[in-house]
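**Student:** Take a look at this one; I'll ask things after.
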Amino acid sequence: MAGMLLSEAEKTFILRGAESNFRVDGRKRLDYRPMELETDVVSHASGSARLRLANTDVLVGVKTEIDTPFPGRPNEGKLEFFVDCSANATPAFEGRGGEELGTEISNSLSRAYQSSYAFDLSTLCILPGQQCWKLYIDILILECGGNLFDAVSLAVKAALHNTRVPLVTAAAMDGAQVELHLSDDPFESKRLDVSGVPCLVTLCKIGDHCLVDPTAEEEVCSTASIVLAVSENAFITSVFKAGVGSFLPQTLHETFKEGQEIGIELNEALKAALEREEKEREDNEKSPAIQRYGFLK
Amino acid sequence: MDLISDQGLRLDGRRPNELRKIRCKLGVFNQPDGSAYLEQGNTKVLAAVYGPHEIRGSRTKALHDQALINCQYSMATFSTGERKRRPRGDRKSIEMSIHLRQALQAVIKTELYARSQIDIFVEVLQADGGNYCTCVNAATLALIDAGIPITEYMVACTASLANGETPLVDISHLEETSGGPNLTVAAMPMSGQIVLLEMSQRFHLDHLDKVMKHALRGCQEIKAVLDKAVRDHVASAGAACNWEFKTD
Amino acid sequence: MPVDSRRIQGPDSSVPFMLYSSREKKDYKTVKSEVFKKGLRKDGRKWDQHRKVYLKTSVVTQAKGSAFIEQNNTKVICSVFDPREIPRKSDYSVNGELYCEFKYAPFSCLTRRGHQQDAEEKEFSLILRRALEPAVCRHEFPNFQVDIYALVLQDDGSALSAAITCASLALADASVPMYDLVASVTLGVHDDLKFLDPTAEETILCNTSPRTLQNHGTIVFSYSASQQQISEYAQTGAMNLDCITSAIDILTRACDDIYPLSQQCLVKSVAKSVKKKKKREEKLNRERAILADENEPPTNE
Amino acid sequence: MPESDSSEMICIPGQRLCLADKEHIPGCGTYERHGYIYSSLAGIVNVTKNDKKRTIEVHCCNDQSIVPVPGDIVTAKVTIVNQRFLKCVIKCIRDTVLSRPYRAILRKEDVRATEKDKVEMYKSFRPGDIILARVLPMTDAHCYQISTAENELGVAIAHSEAGIPMIPISWTEMQCPKTYVKELRKVAKIIPENSLSDNTKSVRG
Amino acid sequence: MDAQYKVIDPVKFYRDHLAHKIRPDGRGLLKFRPAVINVDSIGTADGSAIVKIGNTTVVCGVKLELGVPKPEESNIGWLVPNVTLPPLCSPRFHPGPPSDEAQVASNMLAEILSNASVLDLRALCVVPERLAWAVYLDAVCLNHDGSILDACVVAAVAALRTVRLPRVEHDADKDITKVFPDERSSLPITGAPIPTTHAIFEDEVILVDPTSDEESLASGLVTITVQNDQMCSVYKPGGSPLADENMQACLSRARTRAIQMNNLIEAALAARDKEETKDQKLIS
């Protein structure tokens, strides 16, 4: 992150910590920090989630819109990622200051979702060649405490899980114009299949070792990281390198192996958390007041 | 559309002079010097304060006798019913940023921090009417959380006129758009001074006094809620250090 | 869409004529069988055979350094300029920066490309930068940026890899200090098939997948052979770990093969410029002698 | 390998040149990694012997992509002159011609070494003059600062009002050969070209 | 020292050279640089040409698309010529919107092509008001060493000559379009305008086919376009005045040059038909 200043001694301390598998905050190299997740926090969105990973805070809202498909892909809907880095996170993001980082994150997400295995766009098709759903996945970054990629991808997956697309009940053809009737009943809606959706795992190279879930301080010490998009069943749907450094082939092999294992665990943990939350909601449904914490917790 | 039912209740079931439910929290984030979350009904706002710190960017912006107040108003793309294309930078947001600065400058003791800068960023997460007011109130809380000296609370409230006679206080998005006049007041409730007044649509001068009074009373009530939240927050923060408090 | 008043505009909307083609659309199976038949690809290559690489340096005389690469029908030109002050930058940076711009010429792909950089081109610019950054001695030009521009004249697959190899050569040609040259290769994966240096058609196949779970996608890989450093690994599509592990081995070997070509090209160009320089110096000395003779009388006046 | 300094050896970035030890020192155009000296440029290896030490350098054939470093002598063209400083663009660094010029500033107090307080900018430089100057240590991140406080530094080429190159007549004056008008300048004492080109040749080896 | 001399005092540098009636690149004052034309070298384009005049290199590619004709002129198609001067081709250009020079060049190219009525736009219309061809012509400069317009126009003309238009059927009732990519015909190209750029140095010396250094030092530029022995446009953006006799001399030079260039284009097209160039590299 910009503006973070670390002295040489602090850097050495972090470096030694990575070496001896005992990081500054007491974690091991492959441990994550605790996370808090809550879905359905924004009422204007079709699906939403808020994730807090230590000091990193991300809010995701999914909005649906009807659009016409691309001429070359008549059977597919559209997915658009937009990342807004709020100035609340750091004054450097004021105005258009966060745009570069925002594009980098949204690009990496669209790359990870590119494969039809990761996200099947044909499920968003309404009438081939004429009408389809367009999902706007808007990501708001409220605080940066390191490891943005992972946090954002987890929140996006949770928000997609939470998304309800309205059911199309009827379509009337009027010449070339199509008129769609949407169901007004909020309970009549379609859920999205998120089983293939990947989570991003950032493996940060510090010294000769790779560690996961780096804090902002650790990110400054690292020369290069590998970001893997790992899906539930161990498929890696995108990989890219971040930072200015480079890797030896052997290191890369090990990094992939570690990253894949962690990715699977992460997906499982997320799935369990989402199911637990859903169940709690259902139980609470019977009682009159549904408690949503949002930012009040 | 009638804004008031025969029973004298508003569309969301409130009485004309009733505020929406206010919930708030100070210190939601660690990185900013001060932060606050505030919701007034379905309008939800996050505010963060950085500073006072060195002037960012060009030094020429520095003021020799007071702090530079820099505000940014931004709305999440998913905050409105129709998706917003850009979170900020449009004319409306820029206008809001300026109004925000104008209101807050009145209470911040800027003379204490010459040649420095205070950043106030507000982010609307969900918009349901009275965005500006909620932002002012949230920013006030964030300033208090940041420990920046202010002369008193800066509180804002909206009011409208239903059926051309009944004043409504703290109006929602639906009431805002269904044709009545909107009056936005930012005031210092303790000294009773009005800092910013904005009105859309015309209504008869005779009603102004009535509507104003309602808006100001709204400010008073909001202030009471905020004041309690601040006291609770300071008490709980202080409890960790074994401070002793007298409750009022 | 806002009108671009700085260019000559065509119709509001127009579509590539191939969308209305009378030719029948081939289904997935025929495409697959056509692309890889009896262990050979459409152009007669084996799966692990790279296309012939033609490299040339100093093709843009106006640039500080430049290079051109041709892999059959994939043609990319790169140029590099002197370091310049980083625009809109207030704080001091110890390391210089690389500014990379990757652009497709409007006519370089099957469908027409716009004049402004689109999201894909921006993404590729970023990959280009990440691939080159580790190889450049950036501390030698603090607070400055070196501009690298890559223009694809024709894309028949693997254009990004070609651009990386080409840009590394252009940097060396511009005498920008570098730790090592970078060679880059793309691998396309489709189920059990692997295509080294895939063509455009093969890339399309690799990017589509039937709904069954199988390996597919492309990997752009760049590698500095003499320092044994992988400077970029960018993958799209879905692959499992075994596939990736074998892909890295294949790609490292392929880069090992491409790297010497860059080296040879560079040695040749150095040798050539040494010769040229000597000739020029001789010629200059002669000319100067003549000029001096003729200029003498007026200065004596 | 590089021992035979008479014949030219071509090297390219990333090429290992020799072991880095007490005898072999990496010079410009090279870098050291894991105990070896590698080339960072495409060019010709050059070894200079000094006592028992050998400095390994790589020279490129065309001009290296360089930026001004404090201490460098640069050639610059004056663009703006005011009472406190002048602005100029650096066109050459030492012998290297730049295809993209760098901006620089020459402050009043750096014009000459003596009587600094009596310097008048307008009597020392005019826009369009070509000056020789030395790069000062970096203070401001935005702009290079240069100095002409040496006898050999100052205005090298200047044109009179008539557009004719003027001839230096003293260390503060130049004269137009056509109109005989004298103009004030901080004149550089230029070393004759012959000896200069000999110098550059000896540097090149 | 030559390079330093050129950078420090370019005007004097040129004056010294021109006094000896020789240009720094060794040419005489009225000598053209050698030109090379290569056609159809870009497979993804529907027509293409690459033109090198000395160091100046321009690649021109054509892409065909289908669109709706202009409402006010419903029976003609679209020809959309654009000149791109990417930052790659010269240190003078930076990323971002097109530079002024590129905009001027685009407009000049469009004007020359329409003045000379190189392409009958009516032939591009398929069904009036419904469907027409849009011919996107993009001239991209790879190496900017002066006389850019000369190279662009020649490249554009040569590229248009190589375009093969597929047959289209359009059913207006059902709004169904069908294209037959295997049945193609050439575009109706009439004539070839050839521009020739002259530079005027210090109000008196005239240089033909200036390099980019010469262009930047010149006190005036004049571009004369000739088609079939007729003058089709003159472009002289201010600068030094040009005497009538000099103008006549320039015109006659432009005429000779047009004939040479036309021959080169024909030769390039003939060479393609013989497929001699198959193994040739795009830039060698």
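The values are calculated or read from the model by the stated rules, or taken from the named source; none is laboratory data. Everything numeric here is computed off the predicted structure, so don't read it as measured data. Cβ: placed from backbone, ideal geometry, glycine included. Neighbour counts: every protein chain shown.
**Student:** Could you identify the single residue in B:E39, B:E54 that is under 14 Å from the mean Cα position of the chain (by Cα) and touching a residue at least 12 places away in the same chain (Cβ under 8 Å)?
**Tutor:** One residue alone meets the criteria, B:E39.
**Student:** Given the criteria among the polar types (S, T, N, Q), assigned to a helix (DSSP H, G or I) and buried (at least 18 other Cβ atoms within 10 Å of the Cβ), does A:S153 qualify?
**Tutor:** Taking the combined requirement at face value, the residue satisfies it.
**Student:** I need the full set of residues from segment C:1-58 which are outside any loop (DSSP other than H, G, I, E, B), without any contact (Cβ under 8 Å) to a residue 24 or more places away in the chain and away from chain E (no Cβ under 14 Å), in order please.
**Tutor:** Those that are outside any loop (DSSP other than H, G, I, E, B), without any contact (Cβ under 8 Å) to a residue 24 or more places away in the chain and away from chain E (no Cβ under 14 Å): C:K29, C:T30, C:S33, C:E34, C:K37, C:L40.
**Student:** Could you list, in sequence order, all residues of segment B:2-44 that are over 13 Å from B:S172 (Cα atoms), facing chain A (nearest Cβ under 10 Å) and either hydroxyl-bearing (S, T, Y) or not in a loop (DSSP other than H, G, I, E, B) (or both)?
**Tutor:** Residues satisfying the conditions are B:R23, B:C24, B:K25, B:S35, B:A36, B:Y37, B:L38.
**Student:** Turning to a different aspect of this structure: Please tell me if C:R112 is at pLDDT 90 or above, surrounded by 22 or more Cβ atoms within 10 Å (Cβ to Cβ) and in a loop (DSSP other than H, G, I, E, B).
**Tutor:** In short, yes.
**Student:** Still on this model: Within segment C:199-221, does at least one residue satisfy the condition of being more than 14 Å from chain D (Cβ to nearest Cβ), within 24 Å of the chain's Cα centre (by Cα) and exposed (fewer than 14 other Cβ atoms within 10 Å of the Cβ)?
**Tutor:** no
**Student:** Do you know which residues across segment A:232-244 are at the interface with another protein chain (Cβ under 7 Å from one of its Cβ atoms) and either in contact with a strand residue (DSSP E or B) (Cβ under 9 Å, 6 or more places away or on another chain) or under 30 Å from C:V94 (Cβ atoms) (or both)?
**Tutor:** Across segment A:232-244, the qualifying residues are A:F235, A:I236, A:T237, A:S238, A:V239, A:F240, A:K241, A:V244.
**Student:** Moving on. Specify which of the listed residues (D:C28, D:C61, D:C92, D:C88) is in contact with a Lys or Arg (Cβ under 7 Å, 6 or more places away or on another chain) and under 19 Å from C:V176 (Cβ atoms).
**Tutor:** Checking each option against the conditions leaves just D:C61.
**Student:** Could you look through segment A:245-270, keep only residues that are within 21 Å of A:E232 (Cα to Cα) and facing chain C (nearest Cβ under 7 Å), and pick out the one that is surrounded by the most Cβ atoms within 10 Å (Cβ to Cβ)?
**Tutor:** Within segment A:245-270, the match that is surrounded by the most Cβ atoms within 10 Å (Cβ to Cβ) is A:F256.
**Student:** Only one of (1) loosely packed, with under 14 Cβ neighbours inside 10 Å; (2) of a type in the set (D, E); (3) farther than 30 Å from B:T80 by Cα is not met by A:E36, so which one is it?
**Tutor:** Tallying (1) loosely packed, with under 14 Cβ neighbours inside 10 Å; (2) of a type in the set (D, E); (3) farther than 30 Å from B:T80 by Cα, A:E36 fails exactly one: (3).
**Student:** Could I ask something else about it? Residue check: is E:P166 assigned to a strand (DSSP E or B) and closer than 18 Å to E:L121 by Cβ?
**Tutor:** yes
**Student:** Six or more apart or on different chains, Cβ atoms under 9 Å: show the pairs whose first residue is in segment E:162-185 and aromatic (F, W, Y) and whose second is part of a strand (DSSP E or B) and surrounded by fewer than 19 Cβ atoms within 10 Å (Cβ to Cβ).
**Tutor:** E:F180/C:S21; E:F180/E:R167; E:F180/E:E169
**Student:** Return yes or no: is D:R33 within 12 Å of chain C (Cβ to nearest Cβ) and over 18 Å from C:S175 (Cα atoms)?
**Tutor:** Answer is yes for this residue.
**Student:** Moving on. E:V39 versus (1) at the interface with chain C (Cβ under 9 Å from one of its Cβ atoms); (2) surrounded by 24 or more Cβ atoms within 10 Å (Cβ to Cβ); (3) within 30 Å of E:V179 (Cα to Cα): which is the lone unmet condition?
**Tutor:** Going through (1) at the interface with chain C (Cβ under 9 Å from one of its Cβ atoms); (2) surrounded by 24 or more Cβ atoms within 10 Å (Cβ to Cβ); (3) within 30 Å of E:V179 (Cα to Cα) one by one, E:V39 breaks only (1).
**Student:** Also, quick follow-up: Could you look through segment C:76-98, keep only residues that are assigned to a strand (DSSP E or B) and out of contact with any helix residue (DSSP H, G or I) (no Cβ under 8 Å at 6 or more places or on another chain), and pick out the one that is nearest to the other protein chains (Cβ to nearest Cβ)?
**Tutor:** The extreme case among them is C:R84.
**Student:** When segment E:128-158 is examined, which residues are found to be more than 13 Å from chain C (Cβ to nearest Cβ) and not in a helix (DSSP H, G or I)?
**Tutor:** E:P128, E:S147, listed by residue number.
**Student:** Test each condition in (1) surrounded by fewer than 19 Cβ atoms within 10 Å (Cβ to Cβ); (2) at the interface with chain C (Cβ under 9 Å from one of its Cβ atoms); (3) in contact (Cβ under 8 Å) with a residue 60 or more places away in the chain for E:L64 and report the one that comes out false.
**Tutor:** Here E:L64 clears every test but (1).
**Student:** If D:S160 passes every condition in (1) buried (at least 17 other Cβ atoms within 10 Å of the Cβ); (2) more than 13 Å from the chain's Cα centre (by Cα); (3) in contact (Cβ under 8 Å) with a residue 24 or more places away in the chain but one, which one does it miss?
**Tutor:** Of (1) buried (at least 17 other Cβ atoms within 10 Å of the Cβ); (2) more than 13 Å from the chain's Cα centre (by Cα); (3) in contact (Cβ under 8 Å) with a residue 24 or more places away in the chain, only one is false for D:S160: (3).
**Student:** Sticking with this one: Filter segment C:245-259 for residues that are within 24 Å of the chain's Cα centre (by Cα) and without any contact (Cβ under 8 Å) to a residue 24 or more places away in the chain; which is nearest to D:R16 (Cα to Cα)?
**Tutor:** C:R253
**Student:** So, one more: Filter the strands (runs of 3 or more DSSP E) completely within segment D:50-103 down to those with at least 2 residues that are closer than 14 Å to D:F125 by Cα and touching a strand residue (DSSP E or B) at 6+ places or on another chain (Cβ under 6 Å).
**Tutor:** By residue number, D:73-81, D:85-93.
**Student:** Quick check on this structure: which one of E:E101, E:E111, E:E72 is within 11 Å of chain C (Cβ to nearest Cβ) and surrounded by fewer than 20 Cβ atoms within 10 Å (Cβ to Cβ)?
**Tutor:** Testing whether each residue is within 11 Å of chain C (Cβ to nearest Cβ) and surrounded by fewer than 20 Cβ atoms within 10 Å (Cβ to Cβ) leaves just E:E111.
**Student:** Quick one: would you say B:D65 is more than 24 Å from A:G102 (Cβ to Cβ), at the interface with chain A (Cβ under 10 Å from one of its Cβ atoms) and part of a loop (DSSP other than H, G, I, E, B)?
**Tutor:** Criteria not met by B:D65.
**Student:** Now for a separate question. Going residue by residue through segment E:125-146, is there one that turns out to be without any contact (Cβ under 8 Å) to a residue 24 or more places away in the chain and surrounded by fewer than 19 Cβ atoms within 10 Å (Cβ to Cβ)?
**Tutor:** Among the residues of segment E:125-146, not one is without any contact (Cβ under 8 Å) to a residue 24 or more places away in the chain and surrounded by fewer than 19 Cβ atoms within 10 Å (Cβ to Cβ), which makes the answer no.
**Student:** Here's a follow-up. Given (1) at pLDDT 90 or above; (2) of a type in the set (S, T, N, Q); (3) over 28 Å from E:P87 (Cα atoms), where does E:T190 come up short, assuming only one miss?
**Tutor:** Of (1) at pLDDT 90 or above; (2) of a type in the set (S, T, N, Q); (3) over 28 Å from E:P87 (Cα atoms), only one is false for E:T190: (1).
**Student:** Here is a follow-up. Tell me, which strands (runs of 3 or more DSSP E) lie completely within segment B:103-170 with 1 or more residues that are within 14 Å of chain A (Cβ to nearest Cβ)?
**Tutor:** Those strands (runs of 3 or more DSSP E) span B:116-126.
**Student:** What's the number of the only condition in (1) within 9 Å of chain B (Cβ to nearest Cβ); (2) surrounded by 20 or more Cβ atoms within 10 Å (Cβ to Cβ); (3) in contact (Cβ under 8 Å) with a residue 60 or more places away in the chain; (4) outside any loop (DSSP other than H, G, I, E, B) that A:L51 fails to meet?
**Tutor:** (1)
**Student:** Can you go through A:D283, A:D193 and tell me which one is without any contact (Cβ under 8 Å) to a residue 12 or more places away in the chain, surrounded by fewer than 22 Cβ atoms within 10 Å (Cβ to Cβ) and more than 9 Å from chain C (Cβ to nearest Cβ)?
**Tutor:** Result of the check over A:D283, A:D193: A:D283.
**Student:** I would also like to ask the following. Here is a list: C:T203, C:T236. Which entry is part of a strand (DSSP E or B) and within 27 Å of C:K37 (Cβ to Cβ)?
**Tutor:** C:T236
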